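The values are calculated or read from the model by the stated rules, or taken from the named source; none is laboratory data. This is a predicted model, so every value here is computed, not measured. Every residue, glycine as well, gets a Cβ built from its backbone with ideal geometry; the counts of neighbours run over all protein chains shown. Accessible surface is based on the protein model in full, side chains and every heavy atom, while ligands, DNA and RNA are left aside. Shrake-Rupley method; radii C 1.70, N 1.55, O 1.52, S 1.80 Å.
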Amino acid sequence: MSIGKNIDLAKKILESGDLVAIPTETVYGLAGNAFDENAITKIFETKNRPFFDPLIVHTYSVSEFKHLAIDIPNLAFKLAEKFCPGPLTFILKKSKKIPLLATAGNETVGVRIPNHSLTLELLQKINFPLAAPSANPFGYVSPTNPFHVENQLGNKLKYILDGGNCKIGIESTIVDLSLEKPIILRLGGLEIEAIEETIKQKIQVKTSSSNPKAPGMLSVHYAPKKKVILGEIESNLKKFHAKKIAILAFQKTYSSVNKSHQIQLSKNGNLKEAAKNLFSALRKFDEMDIEYILTENLPDEGLGKAINDRLKRASV
Ligand code: TXA
Ligand code: MG
């Protein structure tokens, strides 16, 4: 296994049917040829991901959508023009070229144009799109730098394309455009407010579901190994004071807890900064000698909504 910025090496490995971890602006992806069932099977096996959880297919340009999807509504082009490349995934009716294995048997496919120069260059150099889930074992926190990937999947991978720290740090927003009305299936790196402003209508959010076809929507997901307690930190400090705890706060520090056991997501209350720091913070706590992570809801607006969604799913 190696880590580097060699796009031609990444291309070679992908063309041979193997996998490469790729950087995006949201989180790192575990990528393989989306047209190749063997590569897709390797993705599921490497992550221990159940085959009922569909993959997102990545490409470099809206003009490529026609190879991946059919009956693409105008709304998709309107949103793509404004937000692609960027942290937005479209659920569209799939074309025949996308194997059902990639979509977990669904007649729809998730399509996204990631905003990272290395990965965009790679996508342009290969002649197939890349199926890529987040590059973490199934159910765990997504990786936001190459070392996160190396720690967990390093022994199963040939190459990690090093694009540094992810600028957004939280997975893409997923909008389903395959039905009559658009629906948000996952809150993520693109604020719903921005989507609503562009399509000039309120959009329904349907992220919690017992539907096992979309485990990103399961109630426990994106979870670290330590127990996450979500609520008012001050009052939970009283309840948990005798336990081994750490604090993941939005802005504040708490004098009753050891400084080395506290992380502030953004000292000056910036939600973008908080999103960028979230997954690294959860991973740091997993390496500490603690039992519980006390954390709190952030303001319920913009990226705060997506962060709160991840905290809720990570919590017990
Ligand atoms: O930001 C991201 O989207 C990252 C980067 C690598 O692009 N990818 C990512 O993939 O988060 P993954 O596999 O960890 O999460 C994708 C989620 C799945 O859990 C599933 O819920 C949903 O996307 N999804 C994919 N295809 C779908 C489909 N056809 N219908 C409904 N949901 C779908
Ligand atoms: Mg994931």
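Within segment 50-70, if we keep just the residues that are more than 21 Å from Thr198 (Cα to Cα) and free of Cβ contacts under 8 Å to residues at least 40 places away in the same chain, the residue that is nearest to ligand 1 (Cβ to nearest atom) turns out to be Ile70.
Working only within segment 158-167, note down all residues that are open to solvent by less than 40 Å² (accessible area, probe 1.4 Å) and either in a loop (DSSP other than H, G, I, E, B) or in contact with a Leu (Cβ under 7 Å, 6 or more places away or on another chain) (or both). Even if it seems obvious, please write down each step before you answer.
The initial filter retains those residues of segment 158-167 that are open to solvent by less than 40 Å² (accessible area, probe 1.4 Å), namely 159-164, 166.
Tyr159, Leu161, Asp162, Gly163, Gly164, Cys166, listed by residue number.
One residue stands out among those in segment 216-269 that are in contact (Cβ under 8 Å) with a residue 60 or more places away in the chain, part of a loop (DSSP other than H, G, I, E, B) and open to solvent by 50 Å² or more (accessible area, probe 1.4 Å): the one that is farthest from ligand 2 (Cβ to nearest atom), which is Glu232.
Are any residues in segment 47-86 of a type in the set (A, V, I, L, M) and more than 16 Å from ligand 2 (Cβ to nearest atom), and if so, which ones?
Of all residues in segment 47-86, those of a type in the set (A, V, I, L, M) come to 55-57, 62, 68-70, 72, 75-76, 79-80.
Of everything in segment 47-86, those that are of a type in the set (A, V, I, L, M) and more than 16 Å from ligand 2 (Cβ to nearest atom) turn out to be Val62, Leu68, Ala69, Ile70, Ile72, Leu75, Ala76, Leu79, Ala80.
Annotation note: of Asn127, Asn155, the sole residue that is open to solvent by 20 Å² or more (accessible area, probe 1.4 Å) and part of a loop (DSSP other than H, G, I, E, B) is Asn127. Restricting attention to segment 28-78, the residues that are among the small types (Gly, Ala, Ser), surrounded by fewer than 18 Cβ atoms within 10 Å (Cβ to Cβ) and part of a helix (DSSP H, G or I) add up to 1. Among the residues of segment 270-290, none is identified as in contact with a Gly (Cβ under 9 Å, 6 or more places away or on another chain) and part of a loop (DSSP other than H, G, I, E, B).
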